[in-house]
Structures are given as structure tokens and as C-alpha cells.
1. Of all residues in segment 174-195, count the ones that are part of a helix (DSSP H, G or I), within 13 Å of PHE117 (Cα to Cα), at pLDDT below 85 and out of contact with any His (no Cβ under 7 Å at 6 or more places or on another chain).
2. Within segment 124-144, does at least one residue satisfy the condition of being on the phi > 0 side of the Ramachandran plot and either among the small types (Gly, Ala, Ser) or assigned to a helix (DSSP H, G or I) (or both)?
3. How many residues does segment 255-277 contain that are over 20 Å from TRP56 (Cα atoms) and assigned to a loop (DSSP other than H, G, I, E, B)?
4. Which number in (1) within 24 Å of ILE247 (Cβ to Cβ); (2) of a type in the set (Gly, Ala, Ser); (3) surrounded by fewer than 23 Cβ atoms within 10 Å (Cβ to Cβ); (4) in contact (Cβ under 8 Å) with a residue 24 or more places away in the chain marks the one condition that GLY79 misses?
5. What pairs come out if I take residues in segment 173-196 that are more than 20 Å from PHE209 (Cα to Cα) and pair them with residues that are in a loop (DSSP other than H, G, I, E, B) whose C-beta lies under 8 Å away, six or more apart or interchain?
6. Out of everything in segment 101-134 that is within 18 Å of the chain's Cα centre (by Cα) and surrounded by fewer than 17 Cβ atoms within 10 Å (Cβ to Cβ), what residue ends up being nearest to PHE220 (Cα to Cα)?
7. Quick one: in segment 60-74, which of the residues that are in contact (Cβ under 8 Å) with a residue 60 or more places away in the chain and surrounded by 17 or more Cβ atoms within 10 Å (Cβ to Cβ) is nearest to ILE126 (Cα to Cα)?
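The values are calculated or read from the model by the stated rules, or taken from the named source; none is laboratory data. All of these numbers come straight from a predicted model, not from anything done at the bench. So basically every Cβ, Gly included, is an ideal-geometry build from the backbone, and we count neighbours across all protein chains shown.
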Amino acid sequence: MNAPAASALPARREGLWSKALHKFSRDRAGLISLVIVLLYTIVALGVWAGLWATEWADVTGTKWMPVSSEYWFGTNLIGQDIFQRTLYSTRTAFEVGLVVAVLATAVGALLGAVAGFFSGSWIDEIALWLMGVLDSIPFYLFVAAIAFALQDNPYAMHVAMISTFWTTVARLVRGEVIKLKSLEYVEAAHAIGVPEITIIFRHILPNTFHILLVQGTITFVAAIKSEVILSFLGLGVKDGMSWGLMIAESTLEVMAGFFNNFLAASVFLFVLVMAFNMFSDALQDALDPKKV
């Protein structure tokens, strides 16, 4: 009696993913945005592998050289290649985005699943209280406080973003788990004596993966935008290069009528954020059980 109930869910999940893939493949905007994201990913991987942008910190030219075949975006105030610095900043954006998205999503999934499974208990109350406290603190004030507490540690920005971004994931997972734990296959697992921790991680949490996938992409974009703002304010990247640092460097250049540095960082950031937002929307639409 329990076997059909337990086996019906994997079949339903397979149907959900196959239909979602089919629907996503028919979304032209989603496919275009995916291609753009993949191109950015290739750029970031190439920088990480040392294939290009290896001289991003070197002074290879003179002050404010114009666009040319040698310097595709010109040079900055001290003669550094803006194009190479822009490519290197893509790696920085992906590193921050991936680290924050993966860890924040994992923490949110874990705490949200536990809170949802034990909804109404003291565990749930503590989790909700913690989420409420973190959500009530202004984000950039919280980052400044963590940066001060960690004494300019280069990972202070990551810690601050993970500490705040997980709450949204946790709220969504908690709500989904509250619905899932009342289904027959969970009750059957309870009836045959399956440990609660096994039910959470083997039978319930895997069924929230569609939520985690969408929220992971949203968190990725939020982390990149936050990193740019924090780096611009001097609270983000310490060692390396970032689009935020490039924009900060361009403040004096713009006043002098030189816009290459500002435009390069802004355009690359804009295209990536727009593409990822479109990809997230298409993914969310494809994985929506009500529409699949």
C-alpha cells in the first residue's frame, strides 16, 4: 500500500522536469539569455584558467589612450588596459555570485526544511525569529558592521551576503515543506518508522529543488549587484578587480570627460544582470507546477 505512494512522487518529479525542459526550450527570450550567461561563464573560466586578462594589473600604455586595435576599450588614468580589467572583473563577479548563491541557498534550504517540518514548534519559532531579526537590519549597515568586526577580512562581504540572503530561500522552502509533509508518502514513511532526519533530507527536501534552483539564480544576480555596490563604496573586493572598483575609479575620469572605464563596467554589468534576470524568469515560469 505504501509502495505506490512512495514511487508515485519520483514519477511526478520526472514528469515535472521533462515538461519544464520542453517549455523552457520553447522560450526564445530564455534561450537567448542562457546563451549570454554561458558566454559570460566562458569569459570567467578563461580568466580563471589564465587564457586571457593576465595583464589586467599591468601599466602597458599611457593615460587615457583611445579605443584601438591594441586597447579595445582604451586605457585608464594610469595606462592600464580597460578591456582586460573588464574581463577580469567578470571572474570576480562569478566567484562572488557562485559562492554566495550556493552557500546562501544551502543554508536557507537546510533551515527552511527543518523549520517547515517542525512548524509550530520551538524550532520553527526560533528560525522565524532569526529570519525576522536579519531581515530588519539594513543590508549595507550590516555589511559595514561585519567588515569592521572582521577587520577588513576579504571575505567579510561574502559572510554578510550569505547571512542575509538565506532568509528568503528559507521562507519559501519552509512554506513548501509544510505542504509536502502532509502528503501520503510522508505519512507512510512516518508509519513504517523512518527517522525524521531521513524523511527531511531524502523524501522532502529533494522535492523543493525546483524552488532552490530558481532562488539560486536570483541570489546569484543579487550577490553580483551587491558586490558592485559594496566595492564602489570600498566595502567589497580588496584584492583584485571588480566592476564596482572600476566605476569608483572612473568618478574622476568622468568629470574629465573620459567615459571608457565607466561605460565598460556598466555595460558588462547591465548585460549580465539583464540576461540572468530573464533566465531566472524563464526558469521560474518553466518550473511552475501550475503552468507545467
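1. 2
2. No.
3. 2
4. Checking GLY79 against (1) within 24 Å of ILE247 (Cβ to Cβ); (2) of a type in the set (Gly, Ala, Ser); (3) surrounded by fewer than 23 Cβ atoms within 10 Å (Cβ to Cβ); (4) in contact (Cβ under 8 Å) with a residue 24 or more places away in the chain, the one that fails is (4).
5. What qualifies is ALA188/MET1.
6. VAL102
7. It comes out as PHE73.
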